[in-house]
Amino acid sequence: MEKICVNNGATLPPDGYQMDDIGSFPTFSGKMLLFQFLDDKIGFALGNDHFGDAKCFKTSNSGKLWTRLVFNTPHSPRGMIFFDGSAGIITLEYLQGCPPDCPEQCIMLRTQDGGEHWEEYVVPNLTGSFSHLQLDSQGKVYAFLKDQFTSTLMFSDDQGLTWNTFVASTSFELDDELLKIVNDRIYVLDRNQVMLVLNIDGEANKAVQTGGIFPRDLGVIDNDHFIIAGINGITRSSDGGETWETIFDRHARLIGFSSFDHGLVILNKCNCPQGYFPANEVIASTFDGGQTWIESPANMNILQHYVLSEQIGFDRFLIMIGDWVYELKSS
């Protein structure tokens, strides 16, 4: 019988997968925020240290070795996007004394040589900070601009030098956590669990209800197939959001799906009694859309320590749990 609410040591993968310990980021003690991989070798990682200062790293060998990119800024990181191996931006937020004393400006760092050199850039005529940057197939970048009170979906077609409001989204109370672009359609979740579907010309295609999940992750397989995970379960749709099927009814996160039926998740299996760590959890795979799960041995607080994941190949992911980076792939 499996032990409940016992720390079983290292987090292990489900059968059919291997999970290799790559290591941690050099001379870094803080929180990693996001990965971006340009291909299966070259990637960038953005985080902040315990003082809130931005730190950025680059890998050229699929995350096995990371090199810190050097810059100095007193601001905290909010987002990052690299347009190619040379040009990239890091968006920043001024936190000291804000609110109420928030600066009336929008700040970012820019590089044109792959992160060797950076310069601070103040975006004209904007206030706030950009987050959740995404690219379409034409190289246009989209992001949420958040000030003290609102989140606005905006876009730039000159690598972040100037920005325009995405007018079709202005009537929605946007959730500034979830933005995806797939096949040049833009998917945004608002705070009422409604998914807004836009095209890159700025037109709203439709708005659909999302099955009652309080979302943390949105997986878009194609224009008709969606998977949403959150604090109260996992739901999926195969008809463009018209109907939804719940495939798990507890707290969960998406690691990634290679197809609509085949993917990896983290599942909360039970909460522990008072006096113990909060939960027993597993990494699980499915090959039938969540009708059955192949589960790893249970361990405590995987969800609590889970930071992020990034797909770097077919059925191959980098996953960060706590301060450590792992490569999780089919064996």
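The values are calculated or read from the model by the stated rules, or taken from the named source; none is laboratory data. What you see is a predicted model, and the numbers here were worked out from it, not measured in a lab. As a convention, Cβ positions derive from the backbone with ideal geometry for all residues, glycine included, and neighbour counts pool all protein chains shown.
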Quiz item: Picking from 255, 234, 247, which residue would you name as being touching a Gly at 6+ places or on another chain (Cβ under 9 Å) and in contact (Cβ under 8 Å) with a residue 60 or more places away in the chain?
Solution: 255
Quiz item: Got a number for residues in segment 135-145 being outside any loop (DSSP other than H, G, I, E, B) and either over 16 Å from the mean Cα position of the chain (by Cα) or crowded, with 18+ Cβ neighbours inside 10 Å (or both)?
Solution: 5
Quiz prompt | The one condition in (1) under 21 Å from the mean Cα position of the chain (by Cα); (2) more than 30 Å from residue 198 (Cα to Cα) that residue 293 fails to fulfil | solution = (1)
Practice problem: May I ask you to verify whether residue 31 is part of a loop (DSSP other than H, G, I, E, B), surrounded by fewer than 16 Cβ atoms within 10 Å (Cβ to Cβ), at negative phi and touching a residue at least 12 places away in the same chain (Cβ under 8 Å)? | Solution: no
Exercise. Scan segment 146-166 for residues that are more than 17 Å from residue 83 (Cβ to Cβ) and not in a loop (DSSP other than H, G, I, E, B) and jot them down.
Key: 146, 151, 152, 153, 164, 165
Quiz item: In segment 129-162, what residues are in contact with a strand residue (DSSP E or B) (Cβ under 8 Å, 6 or more places away or on another chain) and either at positive phi or of a type in the set (Ser, Thr, Tyr) (or both)?
Solution: 129, 131, 132, 142, 151, 152, 156, 159, 160, 162
Self-check item: Hits in segment 58-77 (condition: in contact with a Pro (Cβ under 8 Å, 6 or more places away or on another chain) and surrounded by 16 or more Cβ atoms within 10 Å (Cβ to Cβ))
Solution: 66
Quiz prompt | Single residue of 19, 80 found to be at pLDDT 90 or above and surrounded by 21 or more Cβ atoms within 10 Å (Cβ to Cβ) | solution = 80
Quiz item: Only one of (1) part of a loop (DSSP other than H, G, I, E, B); (2) modelled with pLDDT under 95; (3) surrounded by fewer than 21 Cβ atoms within 10 Å (Cβ to Cβ) is not met by residue 205, so which one is it?
Solution: (1)
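Residue by residue, here is whether (1) charged (D, E, K, R); (2) buried (at least 16 other Cβ atoms within 10 Å of the Cβ); (3) modelled with pLDDT under 95 holds:
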position: 255; (1), (2), (3): no, yes, no
position: 264; (1), (2), (3): no, yes, no
position: 272; (1), (2), (3): no, no, yes
position: 281; (1), (2), (3): yes, yes, yes
position: 287; (1), (2), (3): no, no, no
position: 296; (1), (2), (3): no, yes, yes
position: 300; (1), (2), (3): no, yes, yes
position: 323; (1), (2), (3): yes, no, yes
position: 326; (1), (2), (3): no, yes, yes
